[in-house]
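Engineer: Following this message is one structure expressed as structure tokens.
What follows draws every value from the coordinates through simple rules; no lab data is involved. What you are looking at is a predicted structure, and each value in this text was computed from that prediction instead of being measured. Glycine also receives a Cβ, built like all others from the backbone with ideal geometry; neighbour counts cover every protein chain displayed.
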Amino acid sequence: MASHTERESVVGKSAHVSVAIPGGAKAGEVVVRIRGGSEAYIAYSDEQIDAGAEVVVIADLGARSVSVTPL
């Protein structure tokens, strides 16, 4: 049984872009399907990604921030 202090990794999870990601150092927002529901994360990408796009999380940056790439 998993400890309540362990958390499920978001890396490798699919997500939906809810706020467009401009790319580079500017953030957008994604909704990740995790833990039987969905949670919003601040999202960064090397490229611009429009709202509504499907992405995959490639890195957990901490503090509810992730790096994503288009699916």
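Engineer: Can you tell me how much longer the chain between Val19 and Ile42 gets when fully stretched, taken as 0.36 nm per residue apart minus their C-alpha distance, in nm with one decimal?
Structural biologist: Additional length available on full extension: 7.4 nm.
Engineer: Among the GluC sites (Glu not before Pro) in the range 34-71, which ones are in a DSSP loop with at most 13 other Cβ atoms within 10 Å of the Cβ? Mind listing them?
Structural biologist: Glu47
Engineer: Given an 8 Å cut-off on Cα distances and at least 6 residues of separation, report the relative contact order of the chain as a percent.
Structural biologist: Reported relative contact order: 31 percent.
Engineer: So which trypsin sites (Lys or Arg not before Pro) in the chain pass both tests, a DSSP loop state and at most 15 other Cβ atoms within 10 Å of the Cβ?
Structural biologist: Arg7, Arg35, Arg64
Engineer: Could you please tell me the mean projected area of the C-alpha convex hull for the chain, averaged over all directions and given in square nanometres to one decimal?
Structural biologist: Taking the Cα atoms of the chain, their convex hull projects to 4.6 nm² on average.
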